[in-house]
Amino acid sequence: MRLRRRKFDLEADDLGVDWERWADGRAFRLKRKRDFADVEPGKARNAAEAAAARMGKVVLTTRDKQLPRKFVWIQFADAKIKAGEPCPKCGSTRLLRVHRLYARCPECGAFLLLAAGGNQEKAPRAERTLRELSHIHLASRGQEGDAHVYRGHALLQDSPVFVLAHFSAKEEEGPVTVEDAFERVTNVQVVPYEQLDDFADTSALERAGDWDLEL
């Protein structure tokens, strides 16, 4: 069975939400039944991603750590670039870092999501592998030794793949977050879905409502 592509469909249900009201670059904490319909927060995150694509923007979403069944955090940006790249809107190379994950262009005012930090070529292999993926959706599978284990799916050059990832689990680091995932990843295994079709129902991954980590 092939992977169902609804999650990445630009015509996906927007849940009746006017996403443009939250697309000014600020971070917003949205509440279930108040800001979006009474659905799993994971569906609201999917709808925000689809809305961002329709608007020609990108969005970073994460579930609330304290009340993950009620709240989600979202933050839209005008584009996503790798660290060191110029502004895609005006070409300016002078970008102002406003957060480890965000920068603003002083020339045109574009708010930009940074896809990578530092020299990508010198990054560890696991980090480089993870950064090559997009639409990453991972669910925690517990801890094995000194590693947090996650599995899920992503896109590799627009093709769906199964992902098994390990992240550093040092006590002082706490849970894996969107902000530190690339720095803490220690191992990533990627398998194209067509190689799994004979062994597993790959559509089961699509049915998960709440992902623990989305990048």
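The values are calculated or read from the model by the stated rules, or taken from the named source; none is laboratory data. From a predicted model like this one, the values you see are computed outputs, not experimental measurements. No Cβ is skipped: glycine too gets one built from the backbone with ideal geometry, and neighbour counts run over all protein chains shown.
Within the stretch 161-215, the only residue that satisfies the criterion of being modelled with pLDDT of 80 or more, in a helix (DSSP H, G or I) and among the small types (Gly, Ala, Ser) is 181.
Selection within the stretch 84-113: residues that are under 19 Å from residue 215 (Cα atoms) and surrounded by 15 or more Cβ atoms within 10 Å (Cβ to Cβ). The member of this set that is modelled with the lowest pLDDT is 101.
Residues that are among the acidic types (Asp, Glu) and more than 12 Å from residue 181 (Cβ to Cβ) within the stretch 125-168 comprise 132, 144, 146, 158, listed in sequence order.
Per the listing 59, 39, the residue uniquely farther than 22 Å from residue 179 by Cα and either outside the structural domain of residue 181 (by TED's automatic domain parsing) or within 13 Å of the chain's Cα centre (by Cα) (or both) is 39. Reported count of residues in the stretch 128-154, each being surrounded by fewer than 19 Cβ atoms within 10 Å (Cβ to Cβ) and part of a strand (DSSP E or B), is 11.
Tallying residues that are of a type in the set (D, E, K, R), in a loop (DSSP other than H, G, I, E, B) and at pLDDT below 85 within the stretch 57-68 yields 2. Can residue 54 be described as of a type in the set (Lys, Arg), assigned to a strand (DSSP E or B) and surrounded by fewer than 18 Cβ atoms within 10 Å (Cβ to Cβ)? Considered against the rule, which asks whether it is of a type in the set (Lys, Arg), assigned to a strand (DSSP E or B) and surrounded by fewer than 18 Cβ atoms within 10 Å (Cβ to Cβ), residue 54 comes out as no.
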